[in-house]
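Down below is the structure, laid out as structure tokens.
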Amino acid sequence: MTDLIIIGAGPGGYKAALHAARHGLKVIVFEGEHVGGTCLNVGCIPTKTYVHSATFAEAVERQQQVVTQLRSGIETLLSNPDITLVRERASFIDEHTVRGENGQTYSANHVIIATGSTAKMLPIEGADLAVSSTELLQLRELPRRLCIIGAGVIGMEFASVFNRFGTEVTVIEYLKECLPMLDGDIAKRLRKQLEKAGVTFFMGAGIEKLKAVPDASPASYSVLFSQKGKELSVEADVILMATGRKPNTEGLNLKAAGITLAPNGTIPVDDNYQIVNGKWLNGKCYAIGDVNGRQMLAHAAEMQGIHVVNQILGREDHIRFDVMPAAIFTAPEAACVGPSEDLLKAAGTPFECHKAFYRANGKALAMAESEGMVKLCCEPDEGRILSAHVFGAHAADLVQEVTAYITLGATLRQLRETVHIHPTLSEVLIEVN
Ligand code: NAI
């Protein structure tokens with residue numbers, strides 16, 4: 001019996017395997033596709049390559065190079081003597097044993113399920129005419145017209161990037177504003193900025209069905225939807241469905257390990273990512289990353305995996321899962337950590353809100369990136385920082401700095417008293433009033 005089996009070599013699974021091996025555990029990792037998971041192969045990394053390519057043709061070419069290089073880096077890391085990589089899908093036989101596709105069985109004291117998620121397609125007529133973000137990244141010709149259903153993270157990132165490549169982009173969203181986890185002001189500014197760049201938004205709109213346009217060559221489609229009681233439609237050459245993701249649990253035979261899914265299809269876990277049901281006797285079984293549905297972010301999966309391995313090792317850690325930064329890589333970016341101003345208000349939390357604008361920052365002007373805003377919320381009287389929501393160039397880097405302050409319990413006063421290099425965008429943080 002080995003120490004640990006990990007099912008899935010995405011950011012959650014492979015980082016957990018490396019951390020476990022570094023601390024002396026013997027690990028078996030199962031991966032049925034490429035190592036690196038959604039993030040590396042069809043998610044964060046290819047989309048960021050698109051963001052940083054001047055043209056669609058360059059993006060298509062660079063995507064493969066970047067992904068291949070990173071993938072081979074992970075393969076090298078996993079060729080550790082304490083890690084066995086089995087390139088097969090695994091399914092449970094009992095709570096400590098899984099079987100690979102070739103029939104061989106493997107047992108371990110502990111099992112981590114890190115199988116990720118796939119795009120959720122709306123159950124509407126014609127849904128099969130739409131593509132997921134994975135298929136959109138496989139296009140080899142730039143679509144003339146792209147209709148995106150859902151103004152969440154995936155919808156907004158692709159709207160931004162395809163608009164920049166010259167595609168006519170329309171976004172249809174059910175809610176009144178995009179990106180519900182972002183501060184309302186920031187989300188609105190981001191949407192307005194994309195509108196100014198030429199993206200058309202239909203907010204508060206309900207999708208009804210998708211239809212192929214008869215006899216169209218090349219093929220084109222109609223998206224039928226209603227907005228404020230009016231029936232509308234948009235024509236497009238490609239329709240992207242970006243309405244959320246669902247956990248990958250098919251084929252795992254979870255029943256054999258006594259695991260029951262939550263009604264939303266996720267594997268239910270406690271705050272230490274241990275599966276709350278199942279029949280574990282000597283060891284334990286955990287679910288990390290998108291499959292537990294807690295925080296669908298690559299960096300959340302990584303930290304969850306490290307936390308789980310620390311528990312197995314009996315090693316205490318102080319990872320703050322309640323302080324989870326996130327970024328939307330549009331142009332310009334948006335990013336956040338902690339509750340928005342609206343959420344703090346709704347919760348009745350006493351707080352003050354401080355703002356600053358990029359247009360008053362020397363570096364931003366020098367970079368011709370004057371469009372941007374920072375909102376910091378803290379406890380009264382320059383007290384502990386509670387959140388930061390940022391829109392503008394390098395928003396993710398600014399939010400990362402504030403994440404460190406929040407994690408360490410720092411106050412706004414301490415942030416303001418921290419020397420910042422001049423001239424940097426970071427200075428916007430100490431300019432909040
Ligand atoms: P999402 O949950 O972020 O957004 C889905 C959007 O679709 C929501 O705004 C929702 O209101 C809308 N929607 C749902 N049903 C609809 C309907 N019938 N008609 C119109 N709109 C409808 O999901 P998304 O963008 O698919 O992303 C999936 C996951 O991947 C998220 O958890 C996200 O955080 C993660 N991700 C993170 C990235 C990052 O951190 N930069 C990048 C890409 C994905």
> By the scheme Lys and Arg +1, Asp and Glu -1, what is the net charge of all other residues having a beta-carbon under 13 Å from that of G126?
Replying inline: -1
> Counting pairs of alpha carbon atoms under 8 Å apart in space and at least six apart in sequence, what relative contact order in percent does the chain give?
Replying inline: 15
> Sorted by average packing, counted as other Cβ atoms within 10 angstrom per residue and highest first, what order do 134-143, 413-422, 239-248, 83-92 take?
Replying inline: 239-248, 83-92, 134-143, 413-422
>> How would region 53-154 be classified by its alpha-carbon gyration tensor: rounded, prolate or oblate, with rounded meaning a/c under 1.5 and the a/b versus b/c comparison settling the rest?
In response: oblate
> For region 332-431, what is the largest minus smallest coordinate of the Cα atoms on each principal axis, given in angstrom and ordered from greatest to least?
Replying inline: 40, 26, 19
>> For a protection proxy built on the mean count of beta-carbon atoms within 10 angstrom, sort 120-126, 181-187 highest first, please.
In response: 181-187, 120-126
>> Stokes-Einstein diffusion coefficient for region 111-195 at 37 °C in a medium of 0.692 mPa s, Rh from the Kirkwood formula over Cα pairs: what value in µm²/s?
In response: 227
> Between rounded, prolate and oblate, where does region 127-241 land on the alpha carbon gyration tensor, with a ≥ b ≥ c its root eigenvalues, rounded for a/c under 1.5, else prolate if a/b exceeds b/c?
Replying inline: oblate
> Which of the pairs K188/K345; K48/K196; K230/K375; K230/K345 have their Cα atoms more than 28 Å apart in this structure?
Replying inline: K230/K375; K230/K345
>> Checking the table K192/K246; K120/K209; K255/K284; K15/K255 against a 19 Å threshold on Cα-Cα, which pairs fail?
In response: K192/K246; K15/K255
> Which cross-chain or sequence-distant (5 or more) residues have an amide H under 5 Å from the amide H of T118, H modelled 1.01 Å from N in plane?
Replying inline: K246, N248
> Within the P(r) computed for the chain, what percentage of the Cα pairs occupies the region above 40 Å?
Replying inline: 24
>> Just to confirm a number: summing +1 for Lys and Arg and -1 for Asp and Glu over residues other than T411 whose beta-carbon lies under 11 angstrom from that of T411, what do you get?
In response: -1
> If we count every other residue with Cβ under 15 angstrom of Q63's Cβ, Lys/Arg +1 and Asp/Glu -1, where does the sum land?
Replying inline: -1
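Each reported figure results from applying straightforward, stated rules to the coordinates on display, with no laboratory input. Note that the structure is a prediction, hence the values are computed from the model and not measured. Please note: Cβ atoms are built from the backbone with ideal geometry, for glycine as well, and neighbour counts cover all protein chains shown.
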